Amino acid sequence: MDLIDSYETKLGQPLTKMADVVYELVRDIGYVESLRRSAHSPEEAQNREENVREMIRTLSEYESRGGDGLPGFLAETSLDRDRQEDSEPQKEGVTLITFHAAKGLEFPHVFLVGIEESILPHARSKLEGSIDEERRLFYVGITRAMRTLAISYCVHRKKYGSPTPCYPSSFLADLDPRYTEIVNFHELTTKPANESTARSHFAKMRELLARKDPAL
């Protein structure tokens, strides 16, 4: 608290250069040293240190333009980051994300994993009377899907080295059966592939092998 109070006082003084105060704070708390210790490689440590120095340089440039103090700098930085993310091209890939972080987003294909009783709804929700909030989270997850939605749950999990039975979430019973298809994982993985599927898989294998050996 004393540290925070002292730097708050420094930032509030007239004609104070914020960049100098931030540099002093970073030095006093040993922030760069901490970044170095937690880095997995010298290159990562160097990149982290350079990011801190770049932030201080950007703050100094903002001050030289006569900006609106530290709140204005933070607002401008956040806006620049949003613009950069919007301008980046969309890339194909898998996004791992929580229900809360997925609000407002949509994806062509969505997989909800671990939809089990005591996970969703969480075991505490029944005691705390917040099961409706858990149901809303489930609704958020479902409505993120644009084309397909896959929901899975475990039959059992290992806890403390022993298998523990798991049960599907009670929320699954609320789904309209007209729009759902129940698939057993064991049956799915042991079912023989039809001819068209087998041909497709072998064609992909040949394509991958041909990339490594054009003679194939």
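The values are calculated or read from the model by the stated rules, or taken from the named source; none is laboratory data. Keep in mind the model is a prediction, meaning the values are calculated, not measured. Neighbour counts run over all protein chains shown; Cβ positions are idealised from the backbone, glycine included.
Select from segment 1-19 the residues that are of a type outside the set (S, T, N, Q) and assigned to a helix (DSSP H, G or I) and list them in ascending order. Give the steps one after another, and end with the answer.
Within segment 1-19, the first condition is being of a type outside the set (S, T, N, Q), and the residues that meet it are 1-5, 7-8, 10-12, 14-15, 17-19.
Scanning segment 1-19 gives 2, 3, 4, 5, 7, 8, 10, 11, 12, 18, 19.
Just checking, how many residues over segment 166-200 are loosely packed, with under 10 Cβ neighbours inside 10 Å and part of a helix (DSSP H, G or I)? Qualifying residue count for the region: 11.
Pairs linking a residue in segment 1-16 that is more than 21 Å from residue 60 (Cβ to Cβ) to a residue that is assigned to a helix (DSSP H, G or I), with Cβ atoms under 8 Å and 6 or more positions apart or on different chains, are 3/28. For residues in segment 176-196 being modelled with pLDDT of 80 or more and β-branched (Val, Ile, Thr), which is nearest to residue 139 (Cα to Cα)? Within segment 176-196, the match that is nearest to residue 139 (Cα to Cα) is 180. On the basis of being modelled with pLDDT of 90 or more and either exposed (fewer than 15 other Cβ atoms within 10 Å of the Cβ) or out of contact with any strand residue (DSSP E or B) (no Cβ under 9 Å at 6 or more places or on another chain) (or both), does residue 29 make the cut? For residue 29, the condition - modelled with pLDDT of 90 or more and either exposed (fewer than 15 other Cβ atoms within 10 Å of the Cβ) or out of contact with any strand residue (DSSP E or B) (no Cβ under 9 Å at 6 or more places or on another chain) (or both) - is met. If residue 163 satisfies every condition in (1) closer than 27 Å to residue 107 by Cβ; (2) assigned to a strand (DSSP E or B) but one, which is the exception? Only one criterion in (1) closer than 27 Å to residue 107 by Cβ; (2) assigned to a strand (DSSP E or B) is unmet by residue 163, namely (1). In segment 120-139, is there at least one residue being polar (S, T, N, Q), surrounded by 11 or more Cβ atoms within 10 Å (Cβ to Cβ) and at positive phi? Among the residues of segment 120-139, not one is polar (S, T, N, Q), surrounded by 11 or more Cβ atoms within 10 Å (Cβ to Cβ) and at positive phi, which makes the answer no.
Taking segment 99-119 as the region of interest, how many residues are crowded, with 16+ Cβ neighbours inside 10 Å and more than 20 Å from the chain's Cα centre (by Cα)?
Within segment 99-119, the first condition is being crowded, with 16+ Cβ neighbours inside 10 Å, and the residues that meet it are 99, 102, 107, 110, 112, 115-117, 119.
Restricting the remaining residues to those that are more than 20 Å from the chain's Cα centre (by Cα) gives 116-117.
Matching residues across segment 99-119 total 2.
Considering each residue of segment 37-56, count those that are surrounded by fewer than 12 Cβ atoms within 10 Å (Cβ to Cβ) and within 14 Å of residue 77 (Cα to Cα), and give that number. First the steps, then the outcome.
Of all residues in segment 37-56, those surrounded by fewer than 12 Cβ atoms within 10 Å (Cβ to Cβ) come to 37-38, 40-43, 50-51, 54.
Then drop every residue that is not within 14 Å of residue 77 (Cα to Cα), which leaves 51, 54.
Residues that pass the stated criteria total 2.
For segment 197-205, state whether one or more residues are within 33 Å of the chain's Cα centre (by Cα), aromatic (Phe, Trp, Tyr) and farther than 28 Å from residue 107 by Cα. No.
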